[in-house]
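Inspection log for the structure reproduced underneath, given as structure tokens.
The values are calculated or read from the model by the stated rules, or taken from the named source; none is laboratory data. Fair warning: this is a prediction, and the values are worked out from it, not measured in the lab. Every residue, glycine among them, receives a Cβ derived from its backbone with ideal geometry; neighbour counts consider all protein chains shown.
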Amino acid sequence: MEVHPLIARIAGVTPLNPKEVERFIKFALVGALGAVVDFIVLNMMKLIFEHIGLGVGWSIGLPPHQIQLIAANAISFSTAVVSNFTWNRLWTFPESRERPIFSQLAQFAIVNILGLIINTVILVLMDHYVFSQFFDTRLSYNFAKAFAIGVVLFWNFGVNRIWTYRGIE
């Protein structure tokens, strides 16, 4: 597979392997699609959970907004993971299709479960302590989500590249 000239130029400026830069860019593009899925599902689920009153009256030490946000995030993140796994297997790492899908999906899921934990902690903390100070509720958790996605992108690429897609040239 030949490296796109623009990617080769970018890689020429960095000490990185051009093929890995291309993979990272593809991984990021797949992640951008996943982020769109993630945001759409997050906002839909948050609205549904608000409407049904999820977390209202629970005595677990978290306000309903955070309970709803954590539940919505788990669903939206998981939906995005399915999209990302599919597109990464087909496009970013097509050589990986030679490997058994279920073991690869299990590895991808383990990495992303840890990614979900990181994403959720960052989302809740940034929403509560940072963005809610400047924005209304919806903008606050959406900005927090964008920040969390940006952080987890590097975690997911690094660990998936080392473990899930190891040995792929």
Considering only segment 135-159, state which residues are farther than 20 Å from residue 36 by Cβ and in a helix (DSSP H, G or I).
137, 158, 159
Can you tell me which condition residue 146 does not meet? The list is (1) over 15 Å from residue 42 (Cα atoms); (2) modelled with pLDDT of 90 or more, and all the others hold.
(1)
Of the residues in segment 88-129, those that are surrounded by 17 or more Cβ atoms within 10 Å (Cβ to Cβ) and aromatic (Phe, Trp, Tyr) come to 93, 108
A careful count of residues in segment 141-150 that are more than 16 Å from residue 49 (Cβ to Cβ) and either buried (at least 20 other Cβ atoms within 10 Å of the Cβ) or within 10 Å of the chain's Cα centre (by Cα) (or both) gives 5
Would you mind finding the one in 53, 61 that is over 20 Å from residue 117 (Cα atoms) and over 13 Å from the mean Cα position of the chain (by Cα)?
53
Residue by residue through segment 88-126, note down the ones that are in contact (Cβ under 8 Å) with a residue 24 or more places away in the chain, in a helix (DSSP H, G or I) and more than 16 Å from the chain's Cα centre (by Cα).
91, 95, 96, 104
Selection over segment 39-57 where residues are in a loop (DSSP other than H, G, I, E, B) and either in contact with a strand residue (DSSP E or B) (Cβ under 8 Å, 6 or more places away or on another chain) or surrounded by 12 or more Cβ atoms within 10 Å (Cβ to Cβ) (or both) yields a count of 3
Enumeration of residues in segment 39-53 that are β-branched (Val, Ile, Thr) and touching a helix residue (DSSP H, G or I) at 6+ places or on another chain (Cβ under 7 Å)
41
Could you list, in sequence order, the residues of segment 72-86 that are farther than 10 Å from residue 38 by Cα, among the hydrophobic types (A, V, I, L, M, F, W, C) and surrounded by 17 or more Cβ atoms within 10 Å (Cβ to Cβ)?
85
Subset of segment 53-93 [touching a Phe, Trp or Tyr at 6+ places or on another chain (Cβ under 7 Å) and aliphatic (A, V, I, L, M)]
67, 69, 71, 72
Would you mind telling me which numbered condition in (1) assigned to a helix (DSSP H, G or I); (2) at pLDDT below 95 residue 62 fails?
(1)
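Test residue 132 against the stated conditions and say whether it is surrounded by 17 or more Cβ atoms within 10 Å (Cβ to Cβ), modelled with pLDDT of 95 or more, in contact with an Asp or Glu (Cβ under 7 Å, 6 or more places away or on another chain) and part of a helix (DSSP H, G or I).
Against the criterion (surrounded by 17 or more Cβ atoms within 10 Å (Cβ to Cβ), modelled with pLDDT of 95 or more, in contact with an Asp or Glu (Cβ under 7 Å, 6 or more places away or on another chain) and part of a helix (DSSP H, G or I)), residue 132 does not qualify.
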